[in-house]
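Working notes, beginning with the structure itself.
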Amino acid sequence: MSAEYATFGLAPAMRAGGVLANGDYQVHRDFVDFIVDGRPLLFQLSDLDAVSPLASDVPPAIFSAQVRSLLLEADAPLTDSRYVIYGCPECEDLACGAVTAVIEQDGDDYVWRDFAWQTEEIADLERNGYHGIGPFRFHGPGYRSALQSLLNGDDPSARRRVLLIGARVAVLAKLAAALRTIGIGAEITHDATDVPPDELRTYGAVAFGRAVGEEQRAAVRGAFDAAGVEVAYVDGLAPIIPLLVAQIEHALDRSPSDRRRLTRLVAAGGEAGVEVTSTCRVQVTAYRLDRLYRAHTYEIFDGILPAGRHRIALNGKALKGESFVVARSSGSVLVERVSR
């Protein structure tokens, strides 16, 4: 069977959730992505909003079953020895569409071939095949070692929670509700010093409101340090729920920075500058607080951008008062204060 050898690896990734400008919610999904020849395989599929079957929010038994399936220790879930490589981030329905491939062993090697976009039981390779992707041949020992390491690791659903600390209870309650809606656990507290270390270890981030003083912040950091827990600390930019959700999403992103689609955001001089590593859909939204601390939202850009750096003009109204910019792709979220 002809196929060039490729390297196989795994890396944490996420499908960015959030509260969108139109009020819709997009579910947050943490998953393990496939790294082929040092690059996420998902990036080769252009602008695809999808997750691998190795998602962190499925029960451990299902997660283990998915791993063993990729090791060919179970029958293929689809006909013709086809396996789901990426599926819908909102549900498991094949009708939504999935990237599938044939996975088979050739001696001690594993081969992934005949990639296709599939919405029915039988894949139509002529119409929906990804003809420029694969086949990939992976050395058996490295392939098995990478996947088996997932079975020996920590609970993949751990640390998808955030601790909220602030003075404005109403804002914190709305923020917690929004985070829970998109699949991120959130709790509110004023003092973390009495929280048991085992519970502190379940948090991936701590978000401080703007009114939280340095003494209180230091006490919270001390509690996490004493428990031996490394978390991301978020300084809330403004009491705007979609903005705060985006900040927390960014803080919870565990994927390596060089394997993200959206890698840079600056907001200055009436422009937003973004950098993407592969072709993808990018949405840029501006938020501002007026003199009465009322929040205003402006949809600046929503379109497909090729890899590279891009400059996007900001709406003049969005630059009045205290303003901020959020840029998001399917897998990354960045937030910046607009510089004057």
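The values are calculated or read from the model by the stated rules, or taken from the named source; none is laboratory data. Since we're looking at a predicted model, the values are computed, not measured. We place every Cβ from the backbone using ideal geometry, glycine too, and count neighbours over all the protein chains shown. Note: areas computed on protein heavy atoms with side chains; ligands, DNA, RNA excluded. Shrake-Rupley method; radii C 1.70, N 1.55, O 1.52, S 1.80 Å.
Only sites in a loop by DSSP and with at most 11 other Cβ atoms within 10 Å count here; which GluC sites (Glu not before Pro) in segment 261-323 make the cut? Don't skip to the end; give the middle numbers.
On the way: sites: 271, 275, 299, 322; in loops: none.
Passing both the DSSP loop test and the Cβ count: no residue.
Between the amide H of residue 34 and those of 41, 42, distances stay under 5 Å, these residues lying 5 or more places away or on another chain, with hydrogens modeled in the peptide plane. Between the alpha-carbon centres of segment 265-320 and segment 105-121 there is a gap of 40 Å. Taken about its Cα centre, segment 5-152 carries a charge dipole of roughly 460 debye when the Cβ of each Lys and Arg holds +1 and the Cβ of each Asp and Glu holds -1.
The radius of gyration of the Cα set in segment 159-254, together with its Dmax, comes out at 12.1, 32 angstrom.
Between residue 57 and residue 221, full extension at 0.36 nm per residue minus the direct alpha carbon distance yields a gain of 56.3 nm. Amide H contacts for residue 234 (H built 1.01 Å from N in the peptide plane; partners 5 or more residues away or on another chain; cut-off under 5 Å): 206, 207, 208. For the chain, a simple Cβ point-charge model (Lys and Arg +1, Asp and Glu -1, everything else neutral) yields a dipole of about 1700 debye relative to the Cα centre. Angle check, please: helix 169-181 long axis (alpha carbons) against the longest principal axis of the chain (alpha carbons), in degrees 0 to 90, nearest 10. It works out to around 10 degrees. Per-residue 3J(HN,Hα) values for segment 21-33, derived from phi via the Karplus relation 6.51 cos²θ - 1.76 cosθ + 1.60 with θ = phi - 60°, read 4, 8, x, 6, 10, 10, 6, 7, 9, 9, 8, 9, 9 Hz in sequence order (x marks Gly and Pro). Projecting the Cα atoms of 6, 203, 31 onto the dipole axis of the chain, where Lys and Arg carry +1 and Asp and Glu carry -1 at the beta carbon, places 203 farthest toward the positive end. Using a cutoff of 8 angstrom between alpha carbon atoms and counting only pairs six or more residues apart, the relative contact order for segment 159-254 works out to 33 percent. Heavy-atom accessible surface of the chain, averaged per residue, reaches 46 Å², computed with a 1.4 Å probe. Compute the Cα gyration tensor for segment 1-152, then decide on rounded, prolate or oblate, letting a ≥ b ≥ c be the square roots of its eigenvalues: rounded whenever a/c is under 1.5, prolate when a/b is larger than b/c in the other cases, and oblate in all that remain. Verdict is prolate for segment 1-152. Converting phi to 3J(HN,Hα) with the Karplus coefficients 6.51, -1.76 and 1.60 and the offset θ = phi - 60°, segment 192-208 yields 9, 5, 9, 6, x, x, 4, 6, 4, 5, 8, 9, x, 7, 10, 10, 9 Hz in sequence order, with x at every glycine or proline.
Summarising the label geometry, the points placed 7 Å from Cα in the beta-carbon direction at residue 337 and residue 254 lie 3.0 nm from one another.
Looking at segment 251-335, the trypsin sites (Lys or Arg not before Pro) that sit in a DSSP loop and have at most 15 other Cβ atoms within 10 Å of their own Cβ are 254, 291, 294, 320.
The distance separating the Cα centre of segment 19-39 from that of segment 177-228 comes to 24 Å. The overall shape of segment 256-339, judged from the alpha-carbon gyration tensor, is prolate: a/c is not under 1.5, and a/b is greater than b/c. By the Cβ rule of 4.7 Å, the chain holds the following cysteines without a possible disulfide partner: 91, 280. Amide H to amide H distances under 5 Å link residue 338 with 323, 324, 325, where only residues 5 or more positions off or on other chains count and H is placed in the peptide plane. Here the chain has 48 percent of its accessible surface on carbon and sulfur atoms, given a 1.4 Å probe and all protein chains in place. With the simple model of a label 7 Å out from the Cα in the direction of the Cβ, residue 91 to residue 319 spans 4.4 nm. Using a simple spin-label model with pseudo-atoms 7 Å out from Cα toward Cβ, residue 7 and residue 188 lie 4.8 nm apart. The mean sequence distance of close C-alpha pairs (under 8 Å, at least 6 residues apart), as a share of the length of segment 256-339, puts its relative contact order at 37 percent.
Rounded to whole numbers, the Karplus 3J(HN,Hα) couplings from phi for segment 316-321 are x, 5, 6, 9, 7, x Hz, using 6.51 cos²θ - 1.76 cosθ + 1.60 with θ = phi - 60°, and x at Gly and Pro.
Here P(r) over Cα pairs in 20 Å bins from 0, in percent was calculated from the structure, and among (i) 30, 56, 14, 0; (ii) 27, 44, 20, 9, 0; (iii) 29, 53, 18, 0 it sits at label (iii). By its C-alpha gyration tensor, with a ≥ b ≥ c as the square roots of the eigenvalues, how is segment 61-102 shaped: rounded for a/c under 1.5, else prolate for a/b larger than b/c, else oblate? The shape class here is oblate. Here is the list for segment 133-232: GluC sites (Glu not before Pro) lying in DSSP coil, each with at most 10 other C-beta atoms within 10 angstrom of its C-beta, are 230. Considering only 339, 220, 143, and ranking their Cα positions along the charge dipole of the chain that arises from unit charges at the beta-carbon of Lys, Arg, Asp and Glu, the one farthest toward the positive end is 339.
Compared with the dominant Cα axis of the chain, that is its longest principal axis, helix 241-252 is turned about 50°. Note: relative contact order over the chain, using C-alpha pairs below 8 Å and six or more positions apart, is 16 percent.
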